[in-house]
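Accompanying notes for the structure given below.
The values are calculated or read from the model by the stated rules, or taken from the named source; none is laboratory data. Since we're looking at a predicted model, the values are computed, not measured. Note: ideal-geometry Cβ built from the backbone for every residue, glycine included; neighbour counts use all protein chains shown. These area figures cover heavy atoms from the full protein model, side chains too; ligands, DNA and RNA do not enter into them. Shrake-Rupley method; radii C 1.70, N 1.55, O 1.52, S 1.80 Å.
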Amino acid sequence: MDDLDQRLISELRINARASIPTLASILGVARGTVQSRMERLIASGMIAGFTVRLKDHGPTDMIKGIMMVELTGRNIKNVIASLRKNPGFAALNITNGSWDLIAEIEVPNMNEFHRLVTTVRAMEGVAKTETHLFLGPA
């Protein structure tokens, strides 16, 4: 991956819906160059997909926090897949150390926050959790 590939990926992170001509103009290269680079990056797996970025909510609109999760048992992949399906998680990250996962929580109210925490703690394959509620920016 060279400098042009990195610049292309940076532009796609800003706007994954940018057209080939727009990207070519921003990067100062031909449309065919952008098209072939994107095809190569997708075929190699460097670009695994494109995503939607939602409008940021104001600090009072959503309840946010993190949940550290310790997993147990043999069906860890199934537990992770079940957790990924939960719309209350803005992100789910595998980590090292004492915790197996760190989940970013974003829910509309405290009832949903409580429901999410209770549901995860009751799941088979979840050994232990620790949850922290964000009070506001530092």
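Count Lys and Arg as plus one, Asp and Glu as minus one, and take only other residues whose Cβ is under 15 Å from that of Ile94; the net charge is then -1.
Whats the longest run of the chain with zero trypsin sites (Lys or Arg not before Pro) that are DSSP loop and have at most 11 other Cβ atoms within 10 Å? Mind showing how you got there, number by number?
On the way: sites that count: Arg17, Arg53, Lys55, Arg74, Lys85.
Between exposed loop sites, the widest span is 86-138.
Apolar share of the accessible surface for the stretch 37-138: 53 percent from carbon plus sulfur atoms, 1.4 Å probe. Qualifying GluC sites (Glu not before Pro) in the stretch 59-138, where qualification requires a DSSP coil assignment and no more than 10 other C-beta atoms within 10 Å, comprise Glu124.
Ordered by residue, what ³J(HN,Hα) values in Hz, to whole numbers, does the stretch 81-91 give under the Karplus form 6.51 cos²θ - 1.76 cosθ + 1.60, where θ = phi - 60° and Gly and Pro are x? So the Karplus estimates, Gly and Pro as x, are 4, 5, 5, 4, 6, 6, x, x, 9, 6, 7 Hz.
Size descriptors for the stretch 25-138, from the alpha-carbon set: Rg then Dmax equal 18.7, 55 Å. Legend: calculated FRET efficiency, Ser36 to Ile9, from the Cβ-Cβ distance at R0 = 25 Å, rounded to 0.05, equals 0.95.
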